[in-house]
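Notes follow once the structure below has been shown.
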Amino acid sequence: MTRPITLPFYAKLAFILVTLICFAFIFCTGKDILTPVLLAFLFAVLLLPIFTFLNTKFKFPRHLAALVCLAVFLSIIVGILIFISYQVTYMANDFETIKKNANSFIIEIHKFVRENFQVSIGDQKKYLDSVTKDSVKTGQAKLGSFIISMSDVLLDSTIIIIYTFLFLIYKEHFKLFLAKLIRKENHPVLVDILSQIKVSINNYIVSLIIEMIVVSVLTSLGLWIIGIKYFILLGLITGILNLIPYIGILIAGIITVLASLTGSAEFSMILGILIVNVIVQFIDNNLLVPLIINSKVEINAFVSIMGIIIGGAAAGIAGMFLAIPLLAILKIIFDRIESLAPWGYLMGNHVPRKFRWRAKKVTIEN
């Protein structure tokens, strides 16, 4: 019988760090391939309860159950996109009003800069003209890169749909693979890990949907109170973009300010929009995220922020979105492996009120 090899702490730490570096290198190198796979895995886990219900209760064949799940999922997304496109088309009818109010707003900004910073309107226009010329020079290149990026998004979306379908129909196949990979005596731990991963991912995605709905409703209500015309559309856009950490709410704020020009160019209206966004973000960051998101994934804020930054640097917006569920999966695995349990605790959100070192008393015999 072989005995397990015991390694000193520094050797274990070195192996863990080397493993993490290897995983990070593989992900950064193959992010274009791995990102659609990971997103499809999340969507497959989200759709798994519907798939299981159709397959077991209604005796749908696996392929048909997977197709129905994808059809429901895509119908919801397409419905939201149709609503947004319809509202944007309706907003385009107010283009002349937006143009007129934008010019009035720019004039007010020119006056504000002249009165407070002693810069003449002529100098301001010269600076804007130089910036505009530089933008025109790079406009064609940016347009070309935008078209390429949009084609990549459409291609990735198609691949994600195919991967999600395959994850659903090959669910048992992947489970059997893991069972063959792990020793039989460790199968109870494996079953526990898989069940907890399913629950954690489902809770996280459902929590994101709830957060998106609440942010959309609060933003729409606030914009309706201050008199913004397309408050439902702008609230929905804010809720969707809020799913993108850090930069999403900034983009939503800019879109809302531009859309407010369909009504008037008064500075008080723009100030009201900023106040609404600040209040909604305060509620989101201090109530919704701790109660809905953090309580489900049990990841502390420090690790979450680091993970989002690293994910954004590695794979852009998709990496930022994947960071939290991947960290939750790692924590579940770490918590159930004895040698990695301290790392799981480090990622958790349990903070002790007080900690005291307990040193053993050494007795000296005469």
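The values are calculated or read from the model by the stated rules, or taken from the named source; none is laboratory data. These numbers come from a predicted model, not from an experiment. Because the Cβ atoms are built from the backbone with ideal geometry, glycine has one as well, and the counts that use them run over all protein chains shown. We work out accessible area using only protein heavy atoms, side chains counted, and drop any ligands, DNA or RNA first. Shrake-Rupley method; radii C 1.70, N 1.55, O 1.52, S 1.80 Å.
Exactly one residue out of Lys229, Lys296 is among the basic types (Lys, Arg) and either assigned to a helix (DSSP H, G or I) or modelled with pLDDT of 85 or more (or both): that is Lys296.
Exactly one residue among Ile293, Ile255, Ile232 is farther than 26 Å from Gly311 by Cβ and in contact with a helix residue (DSSP H, G or I) (Cβ under 8 Å, 6 or more places away or on another chain), and that residue is Ile232.
Can you find a residue that is acidic (Asp, Glu), in a helix (DSSP H, G or I) and in contact (Cβ under 8 Å) with a residue 12 or more places away in the chain anywhere in the range 169-182? Within the range 169-182, not a single residue is acidic (Asp, Glu), in a helix (DSSP H, G or I) and in contact (Cβ under 8 Å) with a residue 12 or more places away in the chain.
Scanning the range 79-106 for residues that are among the aliphatic types (A, V, I, L, M), open to solvent by 70 Å² or more (accessible area, probe 1.4 Å), at pLDDT 70 or above and more than 30 Å from Val45 (Cα to Cα) gives a single hit, Val88. Give me the pairs, please: first residue somewhere in the range 27-44 and open to solvent by 30 Å² or more (accessible area, probe 1.4 Å) and part of a helix (DSSP H, G or I), second residue anywhere and at pLDDT 90 or above and among the polar types (S, T, N, Q), beta-carbon distance under 9 Å, and either six or more positions apart or on two chains. That search, which allows pairs on different chains as well, returns Phe27/Thr35; Phe41/Thr164; Phe43/Thr164. Of the candidates Leu271, Leu327, the single residue that is surrounded by fewer than 17 Cβ atoms within 10 Å (Cβ to Cβ) and not aromatic (Phe, Trp, Tyr) is Leu271.
Among residues of the range 295-312 being crowded, with 19+ Cβ neighbours inside 10 Å and of a type in the set (A, V, I, L, M), the one that is nearest to Pro342 (Cα to Cα) is Ile299. Under the condition of being open to solvent by less than 30 Å² (accessible area, probe 1.4 Å), of a type outside the set (Gly, Ala, Ser) and modelled with pLDDT under 80, the residues counted in the range 248-268 number 2.
Kindly provide the set of residues from the range 45-61 that are more than 22 Å from Ile197 (Cα to Cα) and surrounded by 12 or more Cβ atoms within 10 Å (Cβ to Cβ), ordered by number.
Phe60
For the range 196-204, the criterion of being in a helix (DSSP H, G or I), within 30 Å of Val278 (Cβ to Cβ), under 16 Å from the mean Cα position of the chain (by Cα) and not polar (S, T, N, Q) is met by at least one residue.
Of all the numbered requirements in (1) within 28 Å of Ala11 (Cα to Cα); (2) modelled with pLDDT of 85 or more; (3) aliphatic (A, V, I, L, M), Ile309 misses one, and that requirement is (1). On the basis of being more than 30 Å from Glu338 (Cβ to Cβ), under 21 Å from the mean Cα position of the chain (by Cα), open to solvent by 80 Å² or more (accessible area, probe 1.4 Å) and modelled with pLDDT of 85 or more, does Ile76 make the cut? Yes, satisfied. Of the residues contained in the range 170-185, one or more are found to be open to solvent by less than 50 Å² (accessible area, probe 1.4 Å), farther than 26 Å from Leu64 by Cβ and out of contact with any Lys or Arg (no Cβ under 7 Å at 6 or more places or on another chain).
The residues of the range 221-247 that are of a type in the set (Phe, Trp, Tyr) and open to solvent by less than 50 Å² (accessible area, probe 1.4 Å) amount to a single one, Tyr230.
Is the range 282-294 home to any residue that is of a type outside the set (A, V, I, L, M), open to solvent by 20 Å² or more (accessible area, probe 1.4 Å), in contact (Cβ under 8 Å) with a residue 24 or more places away in the chain and within 27 Å of Ala40 (Cα to Cα)? It would help to see each step written out before you state the result.
If we filter the range 282-294 for residues that are of a type outside the set (A, V, I, L, M), which is where we start, we get 282, 284-286, 290, 294.
Applying the additional criterion that residues be open to solvent by 20 Å² or more (accessible area, probe 1.4 Å) yields 282, 285-286, 290, 294.
If we keep only those that are in contact (Cβ under 8 Å) with a residue 24 or more places away in the chain too, we end up with 294.
With the extra rule that they be within 27 Å of Ala40 (Cα to Cα), the set shrinks to 294.
Looking for residues that are of a type outside the set (A, V, I, L, M), open to solvent by 20 Å² or more (accessible area, probe 1.4 Å), in contact (Cβ under 8 Å) with a residue 24 or more places away in the chain and within 27 Å of Ala40 (Cα to Cα), one finds at least one in the range 282-294, hence yes.
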